[in-house]
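See structure below.
The values are calculated or read from the model by the stated rules, or taken from the named source; none is laboratory data. These figures come from a predicted structure and were not determined experimentally. Don't worry about glycine lacking a Cβ; one is built from the backbone with ideal geometry, like all the others, and counts go over all protein chains shown.
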Amino acid sequence: MNSELLQCPDCGDRRFNWIIKQVQFGNVHRFEDGTVDGEGMKMGEVVGSDFDELGPYCTGCDEHKDPDELVAVEENK
């Protein structure tokens, strides 16, 4: 299946981010102050993301974008 690289129509940036939920395997620690935290040692499967709910987050514009509004990157640029 072919694909095309997309960019932000407003600023032209090609870098986006979104949050994924991923299973982690590792150790759990209790610290002297009583807090407990996990130390990820191995990544498991991705079990969800906010991509479909919020869309990709444009790092250039600093805001979420509708995926349908993104434009194809022009190869000559």
Quick one: in the stretch 15-48, which of the residues that are touching a Ser or Thr at 6+ places or on another chain (Cβ under 7 Å) and assigned to a strand (DSSP E or B) is surrounded by the most Cβ atoms within 10 Å (Cβ to Cβ)? F16
Residue check: is D52 part of a helix (DSSP H, G or I) and at pLDDT below 95? yes
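Only one of G44, G12 is of a type outside the set (S, T, N, Q) and in contact with a strand residue (DSSP E or B) (Cβ under 7 Å, 6 or more places away or on another chain). Can you tell me which?
Working: G12 fails: in contact with a strand residue (DSSP E or B) (Cβ under 7 Å, 6 or more places away or on another chain).
Going through G44, G12 in turn, just one is of a type outside the set (S, T, N, Q) and in contact with a strand residue (DSSP E or B) (Cβ under 7 Å, 6 or more places away or on another chain): G44.
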Among (1) at negative phi; (2) surrounded by 12 or more Cβ atoms within 10 Å (Cβ to Cβ) - the single one G12 does not satisfy: (1)
What do you reckon, is D62 acidic (D, E), exposed (fewer than 12 other Cβ atoms within 10 Å of the Cβ) and either over 20 Å from the mean Cα position of the chain (by Cα) or on the phi < 0 side of the Ramachandran plot (or both)? no
Of (1) of a type in the set (A, V, I, L, M, F, W, C); (2) farther than 16 Å from D68 by Cα; (3) surrounded by 10 or more Cβ atoms within 10 Å (Cβ to Cβ), F51 fails just (2)
Count - residues of the stretch 19-53 that are within 30 Å of E74 (Cβ to Cβ) and either in contact with a Leu (Cβ under 7 Å, 6 or more places away or on another chain) or β-branched (V, I, T) (or both): 2
